1. It is to be established whether one or more residues within region 290-305 are part of a helix (DSSP H, G or I), modelled with pLDDT of 95 or more and crowded, with 22+ Cβ neighbours inside 10 Å.
2. What tally of residues in region 242-288 results from selecting those that are open to solvent by 10 Å² or more (accessible area, probe 1.4 Å), of a type outside the set (D, E, K, R) and in a helix (DSSP H, G or I)?
3. Restricting to region 334-384, name every residue that is of a type in the set (D, E, K, R) and within 22 Å of the chain's Cα centre (by Cα).
4. Does region 359-366 contain at least one residue that is in contact with a helix residue (DSSP H, G or I) (Cβ under 8 Å, 6 or more places away or on another chain), open to solvent by 30 Å² or more (accessible area, probe 1.4 Å) and basic (Lys, Arg)?
5. Taking the options Gln131, Gln201, name whichever one is in a helix (DSSP H, G or I), surrounded by fewer than 19 Cβ atoms within 10 Å (Cβ to Cβ) and modelled with pLDDT of 95 or more.
6. Counting residues that are touching a residue at least 24 places away in the same chain (Cβ under 8 Å), in contact with a strand residue (DSSP E or B) (Cβ under 6 Å, 6 or more places away or on another chain) and closer than 30 Å to Gln248 by Cα, which helices (runs of 4 or more DSSP H) fully inside region 1-99 reach at least 1?
Amino acid sequence: MYSDYQQALHYMLDLQGAGWQLGLERIENLLELLNNPHEKTAFIHIAGTNGKSTTAAMYESVLRQAGYKTGLFTSPHLIDVRETIRINGEMISRDDFLSLVNTMRPHIEAAGTTFFESLTALAFMYFAQNQVDMVVLETGLGGRDDATNVVSPLLSVITSIDLEHTDFLGNSIEEIAEVKAGIVKKNVPCIIGELPRKAEQVIQVICKQKSSKMYRANEIYSIESVVTDENGTKFAIRNSENKAISLQIPFPGPQFARNAGIVAASFRISEFFVKITDSQLVSGLQTADWSGRFQLLRKHPPVILDVAHNKSAFVELVQVVNDVYPQFFKTFVMGLLADKDVDGICKSLAGSADLVYVVPPDSKRAIKSEMIVEKLMLYKIPVEVLSIEKALQLIFSDHNAEKMYCITGSHYVAGKVLKIINSLTS
């Protein structure tokens with residue numbers, strides 16, 4: 001038995017040594033030993049290459065506005081592992097985390113579960129013990145063989161599909177779509193965002209096989225009049241009866257408007273019994289909150305933090321930076337992990353980045369800075385290699401009103417930046 005939170009935390013974090021292992025057998029064994037807490041809760045299950053966490057945050061916020069007691073499970077964390085497990089927006093307490101680890105430890109060791117599998121089961125225990133009404137559940141990696149895929153949800157959601165984690169998920173859009181669509185369950189509706197045609201075809205076939213009706217969010221609500229600034233995005237959604245609802249979200253970028261459209265459309269699906277009013281939708285989306293998504297760390301001159309970490313997310317991020325800060329000298333502060341499309345990411349910065357500070361992510365999986373430098377120079381982008389600490393020192397001592405900074409590339413970069421800033425302000 002552990003006597004304090006730090007001991008329990010270290011025990012859980014030490015499980016990361018096993019790395020990422022896909023498959024459901026270990027977590028199913030663990031949950032069986034814990035009396036299957038995941039069978040005691042209702043779920044919305046979300047998969048996708050990009051947009052999962054913000055979409056999950058928007059679902060949770062809308063449900064909370066509608067009076068539901070909500071659970072939220074996301075990954076990865078930025079600063080504190082407890083960020084991943086929330087009830088009504090509040091992180092699990094240290095005492096509850098400690099208690100659950102003490103309860104689960106012998107069963108974790110019997111089942112041989114990984115860090116993510118153990119954390120997922122801990123979340124299920126916490127939500128069941130607290131009798132939440134609805135859990136919004138984000139997949140960790142892929143879908144079919146992800147530890148979260150033990151649940152039978154009320155709704156399956158696929159936000160987007162692109163090439164990423166090809167060593168785990170497959171080398172083509174079709175293969176990745178098949179893995180993501182593994183979250184689709186028999187007779188459970190599935191709603192999708194705007195996907196590549198080949199991905200949509202794969203998902204459509206799988207939904208038909210499982211007698212699960214597939215809904216395209218943009219056929220329920222069309223998105224129009226999108227206006228983005230550094231504080232967020234204003235837009236309207238219009239239904240088939242030509243009724244429009246004006247909305248505002250705190251995330252800048254048209255991609256977040258599309259994710260909000262998925263959330264809004266979900267509550268109009270007849271098989272999904274959860275119904276909310278327009279005012280609850282408007283209020284819930286407007287008050288949704290999530291760190292690391294075009295997060296404004298300083299306004300003058302602007303410093304943005306964003307966890308974009310693959311090519312498609314970078315393309316979207318760069319477009320928003322250009323739209324919001326068209327006349328600024330743009331410095332990107334970037335660190336990447338070794339499994340990323342370095343060439344594609346660096347290419348997305350060409351023509352937009354005036355300077356790149358390459359910083360090492362706080363991870364054993366970080367790519368060597370020299371490899372990023374080589375690619376950036378190929379695209380004729382000026383570059384310097386710095387520590388994260390030195391980059392922040394330069395950024396926050398710069399008061400040139402014609403400059404802006406965007407810190408990006410990895411959750412590990414974002415997490416370390418937030419830890420440093422929090423330590424300076426606490």
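The values are calculated or read from the model by the stated rules, or taken from the named source; none is laboratory data. Remember, predicted model here, so these are calculated numbers, not experimental data. In this analysis, Cβ positions are derived from the backbone assuming ideal geometry, glycine residues included, and neighbour counts consider all displayed protein chains. For the accessible areas, the whole protein counts, side chains as well, though only heavy atoms, and no ligand, DNA or RNA atoms are used. Shrake-Rupley method; radii C 1.70, N 1.55, O 1.52, S 1.80 Å.
1. First, the residues of region 290-305 that are part of a helix (DSSP H, G or I): none.
For region 290-305, residues part of a helix (DSSP H, G or I), modelled with pLDDT of 95 or more and crowded, with 22+ Cβ neighbours inside 10 Å: absent.
2. 10
3. The first filter runs over region 334-384 and keeps only residues of a type in the set (D, E, K, R), leaving 339-341, 343, 347, 354, 362, 364-365, 368, 370, 374-375, 380, 384.
Those that are of a type in the set (D, E, K, R) and within 22 Å of the chain's Cα centre (by Cα): Asp339, Lys340, Asp341, Asp362, Lys364, Arg365.
4. No, the conditions are met nowhere in region 359-366.
5. Numbers: Gln131 fails: in a helix (DSSP H, G or I).
Within the list Gln131, Gln201, the selection yields Gln201.
6. On the way: elements: 5-14, 25-33, 52-65.
Answer list for region 1-99: 52-65.
Okay, residues lined up against (1) at positive phi; (2) buried (at least 23 other Cβ atoms within 10 Å of the Cβ):
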position: Gly23; (1), (2): yes, no
position: Glu28; (1), (2): no, no
position: Ala47; (1), (2): no, yes
position: Leu63; (1), (2): no, yes
position: His77; (1), (2): no, no
